[in-house]
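What follows is a set of notes on a single structure, which appears directly below.
Coordinate-derived values only; no laboratory data. Computed from a predicted structure; not experimentally measured. Note: ideal-geometry Cβ built from the backbone for every residue, glycine included; neighbour counts use all protein chains shown.
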Amino acid sequence: MASAERGMSAPPEVVFNTATDPARASAWLPEPLRADGSPAEEVSTEELRARWSGAEDWSAEIRVEPAQAGGARMRLDLTGGPDAERLADEALDSLAREVADNLQAG
């Protein structure tokens, strides 16, 4: 299992809602987990936690927590192939871009 963490200067709820939006998930989830617009398999809005499963034993779980100054801290646990560590970092970079786009659009 690979893990990646990243801070964001966006409210935790905005980060979580962007991450779990089926229309945006395919833009940030690694290829083995990209669904055809399907929502995450498990979502806990109280805990700001979501989980996806994909082909060939791939899975991802994201947790979003409040951080200082109204920001958020994201943690992604990714299980799958040998590139999981790199893909976890890339996924959080992509999610950060999606959050920024979401904030600019809204």
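Okay, here's what the table says:
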quantity	calculated
0 to 90° range, to nearest 10: angle between helix 84-105 axis and the chain longest Cα axis	40
With at most 15 neighbouring Cβ atoms within 10 Å, loop GluC sites (Glu not before Pro) (DSSP) excluded, longest segment of the chain	48-106
Gaussian network model of the chain, springs between alpha carbon atoms under 10 Å - residue of Ala88, Ala40, Ala19 with greatest fluctuation	Ala40
Potential extension, Ala23-Ser94 segment - 0.36 nm per residue separation minus Cα distance	24.2 nm
Residue with peak Gaussian network fluctuation, the chain [Cα springs, cutoff 10 Å], from Gly70, Gly54, Gly80	Gly70
GNM result for the chain, Cα springs below 10 Å: residue of Ala96, Ala84, Ala67 fluctuating most strongly	Ala67
